[in-house]
Amino acid sequence: GPLGAARIRGRRPGADAEAVREALAAVDEVAALERSGRGVAVAAAPDAAPVLLRLVREGSTLEGREIAVVARLLEAGRRTADELRRVAADAPRAARLAVPLPHADLDRRLARSIDADGAVLDAASPALAAARREVRTARERLVKRLEALLRGVDGGAEDATITLRNGRYVIPVRRESRQRPDGIVHDESSSGATLFIEPSATIPLGNAEREAEIAEEREVRRVLAELTVLLRPWAESLAGVQEMCVAADDLAARGRYAARCDAVAPAVGAPGAPIVVRGGRHPILLARGIPVVPFDLILAPGERTVLVSGPNTGGKTVFLKAVGLLAALAQSGIVPPLGAGSSLPLFHRFHADIGDHQSIAADLSTF
């Protein structure tokens, strides 16, 4: 999901060796599940942060579409928590991401009250269902009377229809018509030849229909206020649910990446420890789907220099850039394309001194 993708893009190399080891170990667990066909399938959570900020403000009332966001968050949270519990035996680090969720009664109440687009449903309250029945009844009476009047105007032209103008139901009448009914002119056509009139005979019916609509709107507002009050105590818990979903999405994606790259988490040593790269591959080349020749590198603690030689397009630049990138990825909690037996020290800074125009993605490499 977008939030999980943003979390991954925002990753940066960390300097805490134990935190890096834990992050890579969590990815290794999920990658192993992915390879066995039992990968973690989490649900992408919506961005509920703006809604939760409004929710904590006393006196505020959420709109229907905002409550629908909360309902989607709860649905994603339950699916994600179920997945994390399912893999707990094989991926205990992933399982620790799970958080308690509100009682399922809350989900059921939201599902009964709000649809996926945020519209308030009739089932939200008996009073709302009754108000909407009254609106339909009043509208049917009004439309039936307008249709009868429309048939009596100028022979009832076939293309003449009842329409809405300024929130009132009206009929079209030619300006020069001799059968023009008394009433309120709400609008005219672009040519000015047709007037849209609310006949005097239907004004009481129109008023009754509008009063029924106002009663419906009042009950909708009451339902939204009630649901907001119901959700407010859960604001902090809901924020935790979103964090769980995003963290699980982030971890599951990193696990899928490691599995697809056939990558194994490296050991992480202290600064200055040996560099041992087994089966290293440049991630960009892998992403392009082209054949990649793995490389090995061993740099003992006392060795400070690597001399790389070879023909043009022989892989020197790919090798040099890959070593730094693999270490940066590992310290960012992403298992890089490495084989078993690899070990990387902890680096506090990463530098690139290229000096000319290069792009591995565009096959540009010169010295």
Output the residue which, of all residues in region 121-139 that are open to solvent by 50 Å² or more (accessible area, probe 1.4 Å), part of a helix (DSSP H, G or I) and at pLDDT 95 or above, is nearest to Pro233 (Cα to Cα).
Ala123
Cross-chain or 6+ apart pairs with Cβ under 6 Å, region 64-88 first and acidic (Asp, Glu), then part of a helix (DSSP H, G or I) and open to solvent by less than 20 Å² (accessible area, probe 1.4 Å)
Glu66/Val51
Looking for whichever is β-branched (Val, Ile, Thr) and touching a Phe, Trp or Tyr at 6+ places or on another chain (Cβ under 7 Å) here; the options are Val292, Val335, Val308, Val318. Which one fits?
Val308
Can you confirm whether region 299-306 contains a residue that is out of contact with any Lys or Arg (no Cβ under 8 Å at 6 or more places or on another chain) and either in a helix (DSSP H, G or I) or surrounded by 20 or more Cβ atoms within 10 Å (Cβ to Cβ) (or both)?
no
In region 62-99, anything outside any helix (DSSP H, G or I) and open to solvent by 10 Å² or more (accessible area, probe 1.4 Å) is listed as Glu63, Ala88, Ala89, Asp90, Arg96, Leu97, Ala98, Val99
Name every residue in region 42-99 that is among the β-branched types (Val, Ile, Thr) and over 19 Å from the mean Cα position of the chain (by Cα), in order of residue number.
Val56, Thr61, Val87, Val99
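The rows are residues; the columns are (1) of a type outside the set (Phe, Trp, Tyr); (2) part of a loop (DSSP other than H, G, I, E, B); (3) modelled with pLDDT under 95; (4) over 23 Å from the mean Cα position of the chain (by Cα).
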{"position": "Ala157", "(1), (2), (3), (4)": "yes, yes, yes, yes"}
{"position": "Thr161", "(1), (2), (3), (4)": "yes, yes, yes, yes"}
{"position": "Gly192", "(1), (2), (3), (4)": "yes, yes, yes, yes"}
{"position": "Glu219", "(1), (2), (3), (4)": "yes, no, no, yes"}
{"position": "Leu230", "(1), (2), (3), (4)": "yes, no, no, yes"}
{"position": "Gln242", "(1), (2), (3), (4)": "yes, no, no, no"}
{"position": "Ala248", "(1), (2), (3), (4)": "yes, no, no, no"}
{"position": "Ala259", "(1), (2), (3), (4)": "yes, no, no, yes"}
Condition check: in contact (Cβ under 8 Å) with a residue 24 or more places away in the chain and farther than 23 Å from Val69 by Cα. Does Leu231 satisfy that?
no
Listed residues Gly37, Gly118, Gly59; which is in contact with a Gly (Cβ under 8 Å, 6 or more places away or on another chain), surrounded by fewer than 17 Cβ atoms within 10 Å (Cβ to Cβ), more than 18 Å from Asp250 (Cα to Cα) and not hydrophobic (A, V, I, L, M, F, W, C)?
Gly118
Need the failing condition index for Pro271 against (1) out of contact with any helix residue (DSSP H, G or I) (no Cβ under 8 Å at 6 or more places or on another chain); (2) modelled with pLDDT under 95; (3) part of a helix (DSSP H, G or I), just the number.
(3)
Filter region 314-362 down to the residues that are in a loop (DSSP other than H, G, I, E, B) and β-branched (Val, Ile, Thr), then identify the one that is most open to solvent (accessible area, probe 1.4 Å).
Ile354
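The values are calculated or read from the model by the stated rules, or taken from the named source; none is laboratory data. Keep in mind that what you see is a predicted model, and the values were worked out from it rather than measured. All Cβ positions, glycine included, derive from the backbone under ideal geometry; neighbour counts span all protein chains shown. These accessible areas exclude ligands, DNA and RNA; they are computed on the full protein's heavy atoms, side chains included. Shrake-Rupley method; radii C 1.70, N 1.55, O 1.52, S 1.80 Å.
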